[in-house]
Amino acid sequence: MKIIKNIFEFIEYRNKLSKKIALVPTMGSIHEGHLSLVDTAKQYGEIIIATIFINPMQFNSSEDYKSYPKDFDQDKEILQNKGVDILFCPSISEIYPDGFDTTIKVDFLSELLEGKYRKDHMEGVATVVTKLFNIILPDYAIFGEKDFQQLLLIKSFVKDLNVPVKIISSKTIRDKDGLALSSRNIKLNPDERNIATEINKSLIMGVEKILLGEKNSKNIIEYIKIYLSSFNLIKIEYISIRNPKNFEVINKINKEFVILIAVYVGNIRLIDNIIIEEKNG
Ligand code: AMP
C-alpha cells in the first residue's frame, strides 16, 4: 500500500493511473464498518484509495475534535491487510492552508438534525469531501448508510454541482448485539457500552410498532422516547422520521421511511438509523 501525505505528490502519482478508482474517505480509527466500505469499493473500482483525515471543520467542539480516537499505525496495518492500494492522509495545513476561505453548503440538509445540533458540521463535511474529490478524482466514492444525512448531503451536492463521481452507499455494519460500529464506541465504558445496544433495539421496536399498524410518526417517536427514557445513561438529542429520498418529515408513515436518532450515552454522542425502502423505489 502506497502512503501519500502531500497533495502535490498525490496528484503526480494519480495522474499516472488510468484504471477505475474507488474512494473510501474516513477519519481513521478503522473498524469493520470502514472495511465493509472497502469491500463495496472493490466491487466498483480497480484501484482502492482510502483517506484518513480528521476534519477539524466538521467538529463543533474543539474538545470533541481533540479527543477523537486516533491510531494511525494500527489503521495503516489494517488497511494494508485489507488490500487498499493507496492511503492518502494529508495534514491539516495541506487541506486548510493559510487563507483558506471557502465552504460548500447544501441549504436544506445543512440546517436540520445533524446540522442543527452540530453547528457547521454539514458544511465541514461537504467542503472536505469536495476537496478530496477534486484532489483524488475518483470514479466512485463509497459512504456508509450509518451517516444517512451525510450520505444524502453528498449525493445532493454531487448532483447539484455536476461533480463527476458516482456515489455508492454501503449498509451499516453492527456488532453482534446490534450496536452500529463507530470509532466513538471505544470511548464507552462497559456500562455505557451495554446500554448503547438499546439505541438499535429502540429503532427495531419502532419499526415493529409501524408494522403492527401504527402509522402516526408522532406516536412512534413518543414510543421510542418513552422506551429510551427509562435508561438513565441515555439522553436523547433527536428522533426523526423522514422520507429516505428527499429527507422531508413524514407525518403519516407509508411504505418508505427512515427513523434517525442521535443520543448521548454518558458523554458520548452516537447516531443510528433504520431505513425501510421499497426495492425498486
Ligand atoms: P468516519 O470515519 O466515522 O467519518 O466514517 C467514514 C465512513 O465510514 C463514512 O462513510 C461512514 O458512514 C462509514 N461508516 C462509519 N461507521 C459505519 C458502519 N458501522 N457501517 C458502515 N459504514 C460506516
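The values are calculated or read from the model by the stated rules, or taken from the named source; none is laboratory data. For clarity, every value in this text was computed on a predicted model and none was experimentally measured. Here the Cβ is made from the backbone with ideal geometry for all residues, glycine too, and neighbour counts use every protein chain on show. Heavy atoms of the whole protein, side chains included, go into the accessibility calculation; ligands, DNA and RNA do not. Shrake-Rupley method; radii C 1.70, N 1.55, O 1.52, S 1.80 Å.
Odds and ends about this structure:
- Residue pairs whose Cβ atoms lie under 9 Å apart, separated by 6 or more positions or on different chains, with the first residue in the stretch 62-74 and touching a residue at least 24 places away in the same chain (Cβ under 8 Å) and under 10 Å from SER29 (Cα atoms) and the second hydrophobic (A, V, I, L, M, F, W, C) and open to solvent by 100 Å² or more (accessible area, probe 1.4 Å), are PRO69/ILE186.
- Residue list for the stretch 137-155, filter: open to solvent by 30 Å² or more (accessible area, probe 1.4 Å), within 25 Å of ALA262 (Cα to Cα) and more than 8 Å from the ligand (Cβ to nearest atom): LYS155
- Residue in the stretch 163-184 that is on the phi < 0 side of the Ramachandran plot, assigned to a helix (DSSP H, G or I), open to solvent by less than 50 Å² (accessible area, probe 1.4 Å) and modelled with pLDDT of 95 or more present: yes
- Test: residue in the stretch 4-11 that is out of contact with any helix residue (DSSP H, G or I) (no Cβ under 8 Å at 6 or more places or on another chain) and within 11 Å of the ligand (Cβ to nearest atom): no
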